[in-house]
Amino acid sequence: MKKIGILIFILTIFSLSAFAQKTRKSHGYVEIGGGFSVADNKGGYAKADLMYGYTFNPTSSIRLGVGARYAPVNADKGKPWAAPGNNWGLLLPFIGNYRANLGYQKFEKIYPYIQSGLGIALPGIVFNQSIGIGLKNAPFSIGLGGEVIALFHEVETSGFATFLGLNIGISF
C-alpha cells in the first residue's frame, strides 16, 4: 500500500512538472467578436468578454469573467432579446471558459486552439465554442466561433438564437 502511495505521489509531481517552461500562471483576457444568425435570420450580433484566468501549463487554461452580448431582434418573431418596444437587446452573462492549445510544443510560431465557454445571465444561458489560432510570441489570437443563447422569459418570448462569427482575443 505504501508503494502505491509513493508511486501516485511521484506521478503527480512528474505530471505537474512535465511542462517545465516559464508560463505566466494568471492573466487577463479580452475577447471581442461579431457574427450573424444562422438559424432564424435575426441579423448580426456583437460580443465582448473580459475574463481573468489561470494557466495550468502551456496547453490549458481556465478563465472566469463577465461578458456582453448585443443583438437585433425581429419584431415579427417575438422579442426574446429586448424589452417591449426595443429592437435591440443587451445580455450581460457571467462567463466561464476553458481553452486547450493543441500542439503547442509542436509548432514554432502559431498553434491551433479550441475553447468552450458557458455563461449565465438572469434571463438565460450562453454557450460558445470556438477554434482558431494563437501566436506564441504575441498575446493575440483569432478564431471562428459558434454561440447558442437560450433565453427564458415568459412563454411568448422564450427562445434560442444561434450565431456564427469571428473572435479576436488579447491576453494581458
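Coordinate-derived values only; no laboratory data. Keep in mind that what you see is a predicted model, and the values were worked out from it rather than measured. Glycine gets a Cβ as well: all are built from the backbone with ideal geometry, and neighbour counts include every protein chain shown.
A few comments on the model shown:
- Environment charge of Gly145, counting only residues whose C-beta is closer than 13 Å and scoring Lys/Arg +1, Asp/Glu -1: 0
- HN-Hα J in Hz across the range 47-57 - Karplus 6.51, -1.76, 1.60, θ = phi - 60°, x for Gly and Pro: 9, 8, 10, 10, 10, 10, x, 10, 9, 6, 7
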